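Below: one structure, written as structure tokens.
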Amino acid sequence: MARFRVGVQLHPQATTIDELRAAWRAADELGVDSIWTWDHFYPLYGDRDGAHFEAWSLLAAMAVDTEHAQLGLLVGCNSYRNPDLLADMARTVDHLSAGRLYLGIGSGWFERDYDEYGYEFGTAVSRLRDLGDALPRVKARLAKLNPPPVGPLPIMIGGAGEKVTLRLVAEHGDAWNTFGPPESYARKNAVLDEWCAKVGRDPAEVERTAAMDGSEVANAQAYLDAGATHIIVMVGHPYDLDPVARLLEVAQA
């Protein structure tokens, strides 16, 4: 049994559909535990007007192209879709994947997406308030859908805000994701444990995931020591999976 889980996030920018499909098929064949993409409408680096693809459409294709890995958005933006519709979309992709989907969600932050697509950007506080309102709606809709999800459809919440985001993770999340450095991750992880105690939640019920660049793979042990149990390597085009393969070797040693 692996000591920890290994995932890969494939950036849907500066690429083609054929290249993305080849990358997630290769990752699945490699034996990763999870495959992710992000939920934006424009590139986050490089040519700001370069090629880019929409997230949930990609997840649907990924669901039928892969067989083993769990799938998800790292993470979806709550602002972009009605919470009830989001639950229905997730349930449908969960069926396409035979029960392998995570429902990743966060409050959103990339202002250009909002401006270009006509969403109200608001403030960090208002976006977190909206996320807090949306999570019970998502869960309620999932409970009503016919047919229900095939798999457990865990809700992953992304973010590191100690006063609101981590409380929402303790209240509603099955998994949590944020970034390093390891010292910061350890502090946030401890705060999440505190919130779990306050809301009466067993901290062990919340999976701890950490996203890192391929250059950080050699430092993975520091994230494990900080409390992570699932490390996700972020990879852009041309989708070099060598760092992911090295991490898998460590996990399975």
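Tabulated results
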{"item": "Calculated FRET efficiency for the pair Arg112/Leu85, C-beta based, R₀ 25 Å, to 0.05", "result": "0.65"}
{"item": "Distant-in-sequence amide H partners of Ile155 (H built 1.01 Å from N, under 5 Å)", "result": "Leu103, Asp174, Ala175"}
{"item": "The range 127-253, Rg to Rh (Cα coordinates; Rh as Kirkwood inverse mean 1/r)", "result": "1.02"}
{"item": "Aspartates and glutamates with Cα under 16 Å of Lys139, excluding same-chain neighbours fewer than 8 positions away", "result": "Asp84, Asp88, Asp94, Asp130, Glu171, Asp174"}
{"item": "Given charges at Cβ of Lys, Arg, Asp, Glu: the range 99-222 dipole, positive-most of Ala186, Gly104, Gly159", "result": "Gly104"}
{"item": "Heavy-atom accessible surface of the chain: percent carbon and sulfur, 1.4 Å", "result": "53"}
{"item": "Neighbourhood charge, 11 Å Cβ-Cβ cut-off, centred on Ala87 and excluding it, Lys, Arg +1 and Asp, Glu -1", "result": "+3"}
{"item": "Val150 versus Gln221: modelled label distance in nm, points set 7 Å from Cα along the beta carbon direction", "result": "4.0"}
{"item": "Equivalent ellipsoid dimensions for the range 1-134 as semi-axes, Å, which come from the Cα gyration tensor, largest first", "result": "25, 18, 13"}
{"item": "Amide N proximity, the range 1-42 versus Arg246 label position 7 Å along Cα-to-Cβ, cut-off under 17 Å", "result": "6-9"}
{"item": "Positive-pole candidate from Ala245, Asn177, Leu128, dipole of the range 113-253, charges at beta carbon", "result": "Leu128"}
{"item": "Label-point separation in nm, Ser126 to Arg48, each point 7 Å along Cα→Cβ", "result": "2.2"}
{"item": "Peptides 195-201, 142-148 ordered by average Cβ neighbours within 10 Å, highest first", "result": "195-201, 142-148"}
{"item": "Label point distance in nm, Tyr119-Ala143, each placed 7 Å from Cα along Cα→Cβ", "result": "2.6"}
{"item": "Glu29/Val64 FRET efficiency (R0 22 Å; Cβ-Cβ; nearest 0.05)", "result": "0.90"}
{"item": "Furthest towards positive pole of dipole, Met89, Thr66, Ala218, structure part the chain, Cβ charges", "result": "Met89"}
{"item": "Residues with amide H under 5 Å from that of Val75, placed H, sequence gap 5 or more", "result": "Asp39"}
{"item": "Total charge dipole magnitude, the range 121-196, about the Cα centre, Cβ charges on Lys, Arg, Asp, Glu only, Debye to nearest 20", "result": "320"}
{"item": "Prolate/oblate/rounded call for the chain, Cα gyration tensor, a/c under 1.5 rounded", "result": "rounded"}
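The values are calculated or read from the model by the stated rules, or taken from the named source; none is laboratory data. Every value quoted in this text rests on a predicted model; they were computed, and no experiment measured them. Cβ atoms come from the backbone with ideal geometry, glycine included; neighbour counts cover every protein chain shown. When the accessible area is computed, the model is the full protein with side chains, heavy atoms only, and any ligands, DNA or RNA have been set aside. Shrake-Rupley method; radii C 1.70, N 1.55, O 1.52, S 1.80 Å.
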